[in-house]
Every structure is written in structure tokens, then in C-alpha cells.
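Written below as C-alpha cells is the structure these notes are about.
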Amino acid sequence: MIIENSNFILEHIASSGQCFRMNRLNDSEFSLIAGNRYLHLKQLDIKRVELSCGSEEYEEFWKEYFDLNYDYEEVVGKLLSGGDEFLRKAVDYGYGLRILKQELFEILITFIISQRKSIPAIKRCVEELSLKFGEKRKDTSTGNVYYTFPTAEVLSKASKESLRETGLGYRDEYVRGTAIAVINGDINLNSLPNLNFEEAVKELMKLPGVGIKVANCVALYGLHQIDAFPIDVWIERILKDIYDNQFETDRYKGYAGIVQQYMFYYIRSL
DNA sequence: AGCCAGGAGTTAA
DNA sequence: TTAACTCATGGC
């Protein structure tokens, strides 16, 4: 089915560093594995995207996944007219970015993996992990074969050695420890959506391999706390070099996470 | 070849 | 509380 939206650019979303299983197939087409599902996407033009799913699956899952109930045009308008030169250029460059609503456990593990890794390396590791510990599926509408992201159950039972074979490096114990914490009830992922931002971050940081930055990423991409503002090495450079450490996230309350996404995507292009 | 990657944990002060 | 050091691996 075809989606019309003036802020939905697949190329920008796929390479924005928030999802690691969305891949470019050619000039206009992309594949995406999210949760247990597979989707084929095609950018028809600047305002139209074709999805391989039917309207029922779209309404039930993908519409929410792509945050298509939220009006990004309003945020874009504020940033373009807000008088901040860097943000204006960032939005101008990264138009069509959105904050996806991804599966919580998958986001938790992938951002634990992300520490001290480049985006290509993260993607490779996530694919290896899915191939080794996920379930093989076949998409009914495209016939495409893919592997789901592994469950906490499976990862909690995996040996350190088998985990490390996927390229995790020293993060093997973090992944294992977090999966075990989820299974034995040390943390209840289902309760996190009920917490406010500060409480959720505090809870997440009890997990091995989850510090302030990863917790913010999980809050933003897995809990859709769009005031979360993850500060990685790139964002830190911006805050220092562009804003002389005077950037005020409070000024963008209600959509700071979206601002962060534009910043991140833009700075990496320079 | 050597540096850096969407950092976190530990230790020392 | 903060600073320095270490961690395994791959991409460029």
C-alpha cells in the first residue's frame, strides 16, 4: 500500500543510526526487519512511500512503528524558523527523518552492542546475532527469508563463547547479563512504559552495559520518550564546537529527541 | 598501519 | 564527585 507523508524519507531514516536492520536494496528500495516482521519499502517520490504490507497490517503495526500519527511538519516548522543556524541546516539536510517506535528488548540489546562500534559494525553484529539466535521466517507477501531478532529467553541461555562468535567482543557479558535480568525478573520491561523519563533511565542503568547514553537511546527509540537526548561522541562535538557547551535542550521540550536526531544525522555528513 | 567507533565499568584521588 | 584507564573488534 502507498503512504503519503511530507516527512518520510527512507534513505535518511535508514542511515540515521537509530535502526540497524533497514538496508538499501537499490536507488529507491529498502528492506526492513522489525520485531518478527519483514517489510519491503520503496520511495516513489519525495512524499510517497510504498509498503509491501496490506492496509490491515499497516494500521495494526507499521503506522505506529513509523510514528505516522505524529505531525513532524510542525517540529520542522519550528526548527526552520527558530533562529538557530545549525539546526536550520540540519533540518534542511535531514528532512524526512522520523523517530521510529522499535521493540524494547531489541533496542536495549542493540544499543548495548553499539558502544564503541561504528554503525556498519553494529549492523553486522546484529545480523550475526539474529542469524545465530533468531528464528528463521518467510515473509508471506514478498517471499523473503529473514531471521528475527533473538528473544531474551534464547540469549539468556546462550554461552559466552557462542555470543562472542557474533562479534560482540567484551560486550558478550553485558548482553548475557541483561538477557538474564529480563528473564529472572530483575527488571520488568513491560513496566517501563508506565514510568516517566527519569525513572525509566534510572531503571535501565541498573543493567550491565547500560550507562547514561545507552539508557537515553533506549528511552528515545524503545519507549518513545521524545525528550530523551542521547549524547554520544558526535553530539558531544556539536555541543562543544558549535554551541560552546551552552546548548539548552529545555528550549526544545517535547521534541528534543527529534532535534538530537537531526543533529546527529547532519554532523556525520560534514 | 593506526585511529576511531551512537560508552561503560573500575579504580584512584 | 571526577579523571584516567581498560575493554574486543571491525571499518576505513
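Numbers at a glance
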quantity	calculated
In segment A:66-92, residue farthest from residue A:247 (Cα to Cα) [restricted to those that are assigned to a loop (DSSP other than H, G, I, E, B) and of a type in the set (D, E, K, R)]	A:67
Pick from segment A:235-270, criterion surrounded by fewer than 17 Cβ atoms within 10 Å (Cβ to Cβ) and near DNA strand B (Cβ under 10 Å from one of its atoms), ranking: nearest to the chain's Cα centre (by Cα)	A:268
Neighbours by Cβ (under 6 Å, 6+ apart or cross-chain): first from segment A:31-43, closer than 13 Å to residue A:64 by Cβ; second assigned to a loop (DSSP other than H, G, I, E, B)	A:35/A:103
Sole residue being closer than 30 Å to residue A:187 by Cα and among the charged types (D, E, K, R), chosen from A:45, A:84, A:67	A:67
Test: residue in segment A:140-162 that is in a helix (DSSP H, G or I), within 16 Å of DNA strand C (Cβ to nearest atom), in contact (Cβ under 8 Å) with a residue 12 or more places away in the chain and under 25 Å from residue A:234 (Cβ atoms)	no
Test: residue in segment A:7-28 that is buried (at least 20 other Cβ atoms within 10 Å of the Cβ), modelled with pLDDT of 95 or more and part of a strand (DSSP E or B)	yes
Positions within segment A:107-133 being more than 13 Å from DNA strand C (Cβ to nearest atom), in contact with a helix residue (DSSP H, G or I) (Cβ under 8 Å, 6 or more places away or on another chain) and of a type outside the set (S, T, N, Q), in sequence order	A:107, A:108, A:109, A:111, A:132, A:133
Filter pass, residue A:177 being within 15 Å of DNA strand B (Cβ to nearest atom), in contact (Cβ under 8 Å) with a residue 12 or more places away in the chain, of a type in the set (Gly, Ala, Ser) and within 24 Å of residue A:233 (Cβ to Cβ)	no
Segment A:184-197 residues that are in contact (Cβ under 8 Å) with a residue 12 or more places away in the chain, paired with ones that are surrounded by 16 or more Cβ atoms within 10 Å (Cβ to Cβ) and among the β-branched types (Val, Ile, Thr) (beta carbon under 7 Å, 6 or more apart)	A:189/A:182
Segment A:182-217, residues that are over 23 Å from residue A:157 (Cα atoms) and either touching a Cys at 6+ places or on another chain (Cβ under 9 Å) or among the hydrophobic types (A, V, I, L, M, F, W, C) (or both)	A:192, A:195, A:197, A:200, A:201, A:212, A:214, A:215, A:217
Cβ pairs under 8 Å, 6+ apart, first in segment A:241-257 and of a type in the set (S, T, N, Q), second in a helix (DSSP H, G or I)	A:245/A:239; A:249/A:256; A:249/A:259
Cβ pairs under 6 Å, 6+ apart, first in segment A:107-122 and in contact (Cβ under 8 Å) with a residue 24 or more places away in the chain and of a type outside the set (Asp, Glu), second near DNA strand C (Cβ under 9 Å from one of its atoms) and not in a loop (DSSP other than H, G, I, E, B)	A:113/A:125; A:113/A:171
Any hit, segment A:151-160, residues being among the acidic types (Asp, Glu), over 30 Å from residue A:75 (Cα atoms), surrounded by 15 or more Cβ atoms within 10 Å (Cβ to Cβ) and away from DNA strand B (no atom under 11 Å from the Cβ)	no
Residue match in segment A:93-110 (condition: farther than 23 Å from residue A:149 by Cα and part of a helix (DSSP H, G or I))	yes
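The values are calculated or read from the model by the stated rules, or taken from the named source; none is laboratory data. Worth saying up front: this structure is predicted, and the values here are computed from it rather than measured. Reconstructed Cβ throughout: ideal geometry from the backbone, glycine too, with neighbour counts over all protein chains shown.
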